[in-house]
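The values are calculated or read from the model by the stated rules, or taken from the named source; none is laboratory data. Keep in mind that this is a model prediction, so the values were computed, not measured. Here Cβ is always computed from backbone atoms with ideal geometry, including for glycine, and neighbour counts include all displayed protein chains. We work out accessible area using only protein heavy atoms, side chains counted, and drop any ligands, DNA or RNA first. Shrake-Rupley method; radii C 1.70, N 1.55, O 1.52, S 1.80 Å.
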Amino acid sequence: MNLEIEKEDTEVVSINGLTKRILSSIILILFTLLLNQLGGYYFLIIVLSIVFLLLLEYYRLFSLPLDIKFFLNYIGISLCIILTFYNFIFLTIFPFMLGITIASVKKGKWFIRVFSYFYFTIPACLIIFLNNYVENGKLMITWFLIIVWSSDIFGFTFGKIFKGPKLISIISPNKTWVGFLASIFGASILSILFSIYFNLTNYKDAFLIGLIVSVFCVIGDLFESFLKRKNNIKDTSKLIPGHGGVLDRLDGFLFAIVIFCIIAL
């Protein structure tokens, strides 16, 4: 009897967690699409805010103190983003290199601080540049987001339903080969449908872009899982219901946006 009650309680918790995940995903998707279309200062402010949260969770992940180095780190990344927003792209090298230099001064975990400049600055600057200065940039961001979201949804859904052999159990015990293949397939198909509907490219290129971006989404996800496992942390925070932290939600995005810009532009 007790076993049956415990099983029912576990199922209820699982259903509640899934419901929270779905509802928060819908809200985040609509909010992101709206801000992407608004662009301008609205998009700049949200990117700067998200980067602050990412850096905060990143520091907590490695148990780094939120001292003056943290704020200098954020200021350096923010200056790069703001300069990109005003199309002074070549000037971003100065706050970028200065920030790396300052981060390198202190011994100990200096590499973690230095890596944050690459991990957060490059993706943030790229999406700001897409939104402001690339023809059909907002549409391309939507295309990219469709690929990322479909990769996540297909991977999560099919992985939960069919389970099967683990992808890399030592890093992420929840990821399966079925989920991985489903994420690639789903992202590629949605990429084709979206790009053909909006006449962005031919179906072959759309398929390859969807496939490659999806693979890098998974790599980014695995990389963050590796960092969490190294630091014995399950979630970077509890900010987003059903997902964990902002870094948990955007782990695949950070890798994927770079490769998307390289191959799509």
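Provide a single number: the residues in the range 221-245 that are surrounded by 23 or more Cβ atoms within 10 Å (Cβ to Cβ) and not in a loop (DSSP other than H, G, I, E, B). Total meeting the criteria: 2.
If the condition is being farther than 29 Å from PHE156 by Cβ and either open to solvent by 40 Å² or more (accessible area, probe 1.4 Å) or of a type in the set (D, E, K, R) (or both), then the range 18-48 contributes TYR41, TYR42, ILE45.
Checking LEU181, LEU190, LEU208, LEU250 one by one, the residue that is in a helix (DSSP H, G or I) and without any contact (Cβ under 8 Å) to a residue 24 or more places away in the chain is LEU181 and no other.
For the range 154-178, the set of residues classified as open to solvent by 80 Å² or more (accessible area, probe 1.4 Å) and part of a loop (DSSP other than H, G, I, E, B) consists of LYS163, PRO165, ILE170, listed by residue number.
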